[in-house]
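Values in this text are rule-based calculations from the coordinates and carry no lab data. What you see is a predicted model; the values in this text were computed from it and never measured. In this analysis, Cβ positions are derived from the backbone assuming ideal geometry, glycine residues included, and neighbour counts consider all displayed protein chains.
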């Protein structure tokens with residue numbers, strides 16, 4: 001499996017550390033490729049495919065998110081599934097996403113703003129982590145890749161794009 005990271009992203013060291021730990025528990029071989037330009041993304045996909053990668057995990061990063069259409073086009077050309085944290089990827093044609101719900105995070109932000117406007121000090125507000133996660137699957141992409149998603153996986157998805 002391949003993973004795509006942006007070496008210029010502020011949290012890239014943490015992303016790399018987490019990516020290196022994950023294969024140990026899942027007994028996967030993971031190759032991490034760096035890309036900071038559109039051309040480097042294309043090269044990273046070539047390398048992943050040449051080394052036998054069967055899927056690509058795109059890390060969360062503003063640059064890579066802005067390149068999602070390019071990444072999805074590369075995935076289609078190489079017939080390789082792409083996964084991401086943001087639901088915009090499967091909406092644009094990626095295979096699946098699993099990550100914190102943006103809608104829930106915005107709702108939490110609204111609650112914080114309301115509390116501040118009612119007089120609470122921001123420093124007194126508790127830190128809240130996301131508790132709602134969205135799992136989105138694009139069935140059209142799965143079919144194009146020749147993948148059959150098991151019914152049990154479809155049943156737990158928050159959204160299935162048909």
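Key figures for this structure:
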{"item": "Looking only at the range 38-74, and only at residues there that are over 14 Å from the mean Cα position of the chain (by Cα) and under 21 Å from residue 140 (Cα atoms), the one that is surrounded by the fewest Cβ atoms within 10 Å (Cβ to Cβ)", "result": "54"}
{"item": "Matching residues in the range 66-81 - criterion: being touching a strand residue (DSSP E or B) at 6+ places or on another chain (Cβ under 8 Å) and free of Cβ contacts under 8 Å to residues at least 60 places away in the same chain", "result": "68, 72, 75"}
{"item": "Enumeration of residues in the range 134-158 that are part of a loop (DSSP other than H, G, I, E, B) and out of contact with any strand residue (DSSP E or B) (no Cβ under 9 Å at 6 or more places or on another chain)", "result": "145, 146, 147, 148, 150"}
{"item": "From 98, 89, residue being within 15 Å of the chain's Cα centre (by Cα), without any contact (Cβ under 8 Å) to a residue 60 or more places away in the chain and either outside any strand (DSSP E or B) or exposed (fewer than 14 other Cβ atoms within 10 Å of the Cβ) (or both)", "result": "89"}
{"item": "Residue within the range 120-133 that is surrounded by 10 or more Cβ atoms within 10 Å (Cβ to Cβ), touching a residue at least 12 places away in the same chain (Cβ under 8 Å), part of a strand (DSSP E or B) and in contact with a strand residue (DSSP E or B) (Cβ under 7 Å, 6 or more places away or on another chain) present", "result": "yes"}
{"item": "Test result for residue 84, within 17 Å of the chain's Cα centre (by Cα), surrounded by fewer than 16 Cβ atoms within 10 Å (Cβ to Cβ) and closer than 22 Å to residue 137 by Cβ", "result": "no"}
{"item": "Search result, residues across the range 1-37 that are in a loop (DSSP other than H, G, I, E, B), over 15 Å from the mean Cα position of the chain (by Cα) and closer than 23 Å to residue 78 by Cα", "result": "28, 29, 30, 35, 36, 37"}
{"item": "Residue within the range 49-57 that is assigned to a strand (DSSP E or B) and touching a residue at least 40 places away in the same chain (Cβ under 8 Å) present", "result": "yes"}
